[in-house]
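This report refers to the structure that appears directly beneath it.
Derivation of every value follows stated rules applied to the coordinates shown; laboratory data play no part. Not measured: the values here are computed from a predicted model. Ideal geometry is used to build each Cβ from the backbone, glycine not excepted, and the neighbour counts take in all protein chains shown.
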Ligand SMILES: Nc1nc2c(c(=O)[nH]1)N[C@H]1C(S)=C(S)[C@@H](COP(=O)(O)O)O[C@H]1N2
Ligand SMILES: [Mo]
């Protein structure tokens, strides 16, 4: 581990770190990691360790060097559950992130907002916020991992997306659920159906037991703890069930659309 440890000195080339970590990964994990964009965030997702912190970067490398076939079977199983954490581990303050500053985040009036539903669904009715708030909700304390390499643990509450898809009579044989958001210059993201039906994928209405603040996507975000942060759209205004790959804000700029386990 001596050589690897030396790569973790702050200021070291992150691309080099990612490349060396990739070398440590056994196949097929390595191929999957490279195909998935080989980012610091993907490493964090694979190992549960925050690579930007040198202590946990060590732990991450140690964990990778112990990967074996059994671990891999778990890692690349799209139905595997994301780890959950005790409330004491919640990151405070939780970071805000978008492609603009917080001042420019969408300011949505609850009364004016509706969730549009379209595509391969039986019931295309739009949903108001009170209607959505009336659905059964569950909470999760999970780790949000950004492709840029940072991660943070948060608490999100809302309705499992799979319950909502059932309620609206979605054709769950369709390939994607495609989300559009209220951001001024647009933000959208496709989610593969298997991940949309994952038990932890959530239509999120609350953060830390409070109505979702503007920073984190008021009035609704889609929380996908098995995916990197950019696959967690905030300020969602519409969802479309479709077989067509319609691209996404970061996906169109070269980030791998799967980006998760
Ligand atoms: N609508 C919208 N959703 C978005 C983004 C965005 O810019 N606009 N950024 C994504 C990225 S890259 C990250 S890391 C998370 C940040 O979520 P947070 O502000 O709750 O930490 O939101 C994701 N969802
Ligand atoms: Mo991100």
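Just a few scattered comments:
- Separation in nanometres of the label points that stand 7 Å from Cα toward Cβ, at residue 98 and residue 163: 2.8 nm
- For the range 76-166, convex hull volume per residue from C-alpha positions, Å³: 178 Å³
- Estimated FRET transfer efficiency (residue 31, residue 62; beta-carbon r; R0 25 Å; 0.05): 0.70
- Length added when fully stretched, residue 135-residue 214, from 0.36 nm per residue minus Cα-Cα: 26.3 nm
- Cα principal axis extents for the range 87-253, largest first, Å: 41, 37, 30
- Remark: the residue 81-residue 125 segment gains 12.7 nm on full extension, using 0.36 nm per residue and subtracting the alpha carbon distance.
- Value of relative contact order over the range 170-261, rounded to a whole percent, pairs C-alpha under 8 Å and six or more apart: 36 percent
- Rounded Å value of the spacing that divides the Cα centres of the range 186-225 and the range 19-38: 28 Å
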